[in-house]
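To keep things clear, I will list the structure first and then write my remarks on it.
The values are calculated or read from the model by the stated rules, or taken from the named source; none is laboratory data. Every value quoted in this text rests on a predicted model; they were computed, and no experiment measured them. All accessible areas refer to the heavy atoms of the entire protein, side chains included, with ligands and DNA or RNA removed. Shrake-Rupley method; radii C 1.70, N 1.55, O 1.52, S 1.80 Å.
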Amino acid sequence: VQGNFSLKESFGCGGSMKSNEGDPEILLHIIFKQKISIVGICIESNDNSLAPKQIQMFSGKSNIDFSDIGSVNPTEILDFIDGKTIPLKKAKYKNIDGLSIFLSNEDAKYLKINNIILLGEEGETTDM
């Protein structure tokens, strides 16, 4: 089964997600109910001045926090492209059950995103 996973639709977020003012960073942890393989990510933001510039992906790591950023090597570092699907290195996101995404823009007052869409397919189930 192939498909998209939209955070906005999954969590019923009617609006956007933003960081605290003066702290233009967002760290998301996503735990999947079953193993999935991700092939792409799309992040939507209606304001480029408040959008992330850099996306750090941490495949299979859902327990990192802000203090780990910079000392834990990301699986992949991506440049933000508003509303466009960014392909991922498939082998690094195969059959994962968790993902952390760190968004940042040191030039912004804060970050604001409207949606994150993960493109991929379901893998093995982890529920018993």
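Points worth noting:
- Of M57, M17, the order by accessible heavy-atom surface (1.4 Å probe, DNA, RNA and ligands excluded), from most exposed downward, is M17, M57.
- Y110 accessible area, 1.4 Å probe, all protein chains in place, Å² to nearest 10: 50
- Per-residue SASA remark: E25, around 70 Å² accessible (1.4 Å probe; ligands, DNA and RNA not included).
- Surface analysis of the range 16-128 yields an accessible area of 55 Å² per residue, using protein heavy atoms and a 1.4 Å probe.
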